[in-house]
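*Asks:* Mind looking over this structure? Questions follow.
Bear in mind that the values in this text are calculations on the coordinates, not laboratory data. Everything numeric here is computed off the predicted structure, so don't read it as measured data. Virtual Cβ from ideal backbone geometry, glycine too; neighbours counted across all protein chains shown.
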Amino acid sequence: MNNYAIAIHGGAGTILKSTMTAEKEKAYTLGLKEAIECGERILKAGGSALEAVELSIKSMEDNPLFNAGKGAVFTNLGKNELDASIMNGKDLTAGAVAGITNIKNPISLAKSVMENSEHVLLAGEGAMDFAKQMNAEFADDAYFFVQLRKEQLEQAKKSDGVYLDHTDNVVENGEKKFGTVGAVAMDCNGNLAAGTSTGGMTNKKFGRIGDSPIIGAGTYANNETCAISCTGHGELFIRSVVAYDISCLIEYKGLSLKDACDEVVMNKLVKIGGEGGLIAIDSHGNIELPFNSEGMYRAKKSSNSELYIGIYK
């Protein structure tokens, strides 16, 4: 086999063309294009799905447009708390970090947890100690400061609300955007991988953690079924164990990737008010990009298909 495929997302939610400037749309499109090309270069050269996923996500973590890494939203205490996870479909190994700060690329630290520890999920101070041992790249608070994110925090504090990532006009327009980035890939050897990274919710308190670093909820990969990365209202994605549920529908009920995704995203999640979407790839290289919100920043590319980039429904 020498086919490969990759898909990425940069968040979902109420993303309307009517409220998007041409400049911002162009910037998001370019950000998605750069991120997917980072991963595709690896796959084209015969590299692993795992490495492709990591590099595509790193590209979005380095882009202040996305709520991950540099563009992470602020907590109630004015911090940037980061979560990420990654999973290798070849052997079901996985690594994740939650509630970490000042780490430039959380996805790389999650991969390090998978490869250099006997654990899956490390959180808070312990994860930071591990990061120092692994010589992870740190960045100071100034690196993570994005003026728009600070303004969003101030808006959220006025109403004492906890907001999913949103644009500068979202509060008054009642819009919301679930800010998470993710990637799924199949390499030329047929191996699958998935990863997800996020800054969480604006004005979040009490060390809140969503689905992104939870294996089976926000991220899952299994060579026998599929690789999934989610973006949406984290609490509801955790309660629905979304990523693993899709894999189960393929494994135990024999559903196609499309039918499994539709059942979970368009039916089960909708029933409990779970808004958002995901990216999915199966062991045959089929890609699905389902979402039940107004939009989702997304892109896909394979060895036998052209680059597709989408934002709106």
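*Asks:* Strictly over 28 Å apart at the Cα level, which of Lys111/Lys204; Lys24/Lys271; Lys58/Lys313; Lys79/Lys300; Lys70/Lys132 would you flag in this model?
*Replies:* With Cα atoms farther than 28 Å apart: Lys24/Lys271; Lys79/Lys300.
*Asks:* Tell me the net charge near Ile36. Cut-off is 11 Å between Cβ atoms, Ile36 excluded, with +1 for each Lys or Arg and -1 for each Asp or Glu. The partial results should precede the final answer.
*Replies:* Details: positive: Lys33, Arg41, Arg298, Lys300, Lys301; negative: Glu34, Glu37, Glu40.
Taking every other residue near Ile36 into account, the sum is +2.
*Asks:* Going by average Cβ density within 10 Å per residue, which order do the peptides 68-79, 249-260 take, highest to lowest? Display every interim value, and only then the final one.
*Replies:* Working: 68-79: 22.2, 249-260: 16.3.
Highest-to-lowest ranking by the protection proxy: 68-79, 249-260.
*Asks:* With a point put 7 Å past each Cα toward its Cβ, work out how far Met20 is from Gln147 in nm, to one decimal.
*Replies:* According to this spin-label approximation, the distance is 2.4 nm.
*Asks:* Right, something else. Given the Cα-Cα distance of Lys258 and Thr93 and 0.36 nm per residue of separation, how much length would full extension add, in nm?
*Replies:* On the way: separation 165, 0.36 × 165 = 59.40 nm, distance 2.51 nm.
This chain segment gains 56.9 nm when fully extended.
*Asks:* Would you compute, from DSSP H runs of 4+ residues alone, the mean residue ellipticity of the chain at 222 nm, taking -39500 (n - 2.57) per run and dividing by the full residue count, rounded to the nearest 500? Please report the intermediate quantities before stating the final value.
*Replies:* Working: 10 runs with 102 residues, N = 313.
-9500 deg cm²/dmol, from helical runs alone.
*Asks:* Taking amide H positions as placed in the peptide plane 1.01 Å from N, state which residues far from Leu255 in sequence (5 or more) or on other chains have amide H under 5 Å from it.
*Replies:* Ile250
*Asks:* Right, another one. Net charge near Gly310: determine it from the other residues with C-beta under 11 Å of the C-beta of Gly310, scoring Lys and Arg +1 and Asp and Glu -1. All intermediate terms of the calculation are to be shown ahead of the outcome.
*Replies:* Numbers: positive: Arg298, Lys300, Lys313; negative: none.
Net local charge, Gly310 excluded: +3.
*Asks:* Taking amide H atoms as placed 1.01 Å from N in the peptide plane, list the residues 5 or more away in sequence, or in a different chain, whose amide H sits under 5 Å from that of Gly295.
*Replies:* Gly13, Ile15
*Asks:* Please turn the phi angles of region 296-308 into ³J(HN,Hα) values with the Karplus equation 6.51 cos²θ - 1.76 cosθ + 1.60 (θ = phi - 60°), one per residue in order, whole Hz, x for glycine and proline.
*Replies:* With the stated coefficients, region 296-308 comes to 7, 5, 8, 7, 8, 7, 9, 5, 10, 9, 6, 5, 10 Hz.
*Asks:* While we're here: If you rank Tyr312, Tyr244 by fewest surrounding Cβ atoms within 10 Å, what's the result? Spell out each step's value before the answer.
*Replies:* On the way: Tyr312 13, Tyr244 20.
Ranked by crowding around the Cβ, least crowded first: Tyr312, Tyr244.
*Asks:* So between Asn116 and Leu30, what do we pick up on full extension, going 0.36 nm a residue minus the alpha carbon distance? Could the numbers behind the result be given before it?
*Replies:* Values: separation 86, 0.36 × 86 = 30.96 nm, distance 3.39 nm.
The Asn116-Leu30 span can extend by a further 27.6 nm.
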